[in-house]
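As structure tokens, the structure follows; a few thoughts come after it.
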Amino acid sequence: MNLPDYYFRVRDNGAFVFRVENDTRQRRLEMDQIAVVNLNKGEVKPHGDRVLSPADEAAIAEWMRERKALLAKRDLDDIHRAVDFLNTTTHWIQSRATDEQLAEVTDRLLLAMHDLRTTLVRKKAERTSGGN
């Protein structure tokens, strides 16, 4: 089997890092936890008394770069989906929503959209004025 040398068990703010040990003679696969990564803080903590090798550190640093890029890409994709969802919500309101359904969601939608609009206008003003 051609398995990677490291396995990253993703969690909310990082990952548990395992070194993959493949003993082909015994057809055994072992994963030895070597570190915990916190992406939010940029921290890597060796597991237990372990000392990370330069190869371990390089693999973890590469994973962190790739993971941050992936999460940033997902964030932007989520925003594009939100725009689509706003459009489908508008269509639903115009074509299918009952008075009871509208009564249930109107105030919450208006507040959320006001908050979004206010924030977008402020951020756009900051960008166009050079951040001043």
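The values are calculated or read from the model by the stated rules, or taken from the named source; none is laboratory data. Note that this is a predicted model, so its numbers are computed, not measured. In this analysis, Cβ positions are derived from the backbone assuming ideal geometry, glycine residues included, and neighbour counts consider all displayed protein chains.
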Given ILE93, ILE79, which one is of a type in the set (A, V, I, L, M) and more than 22 Å from the chain's Cα centre (by Cα)? ILE93
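Residue-wise test of (1) outside the structural domain of TYR6 (by TED's automatic domain parsing); (2) surrounded by 10 or more Cβ atoms within 10 Å (Cβ to Cβ); (3) in contact (Cβ under 8 Å) with a residue 40 or more places away in the chain; (4) touching a Pro at 6+ places or on another chain (Cβ under 8 Å).
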residue	(1), (2), (3), (4)
GLN33	no, yes, no, no
ASN40	no, no, no, no
ALA58	no, yes, no, no
ASP77	no, yes, no, no
GLN101	yes, yes, no, no
LEU111	yes, yes, no, no
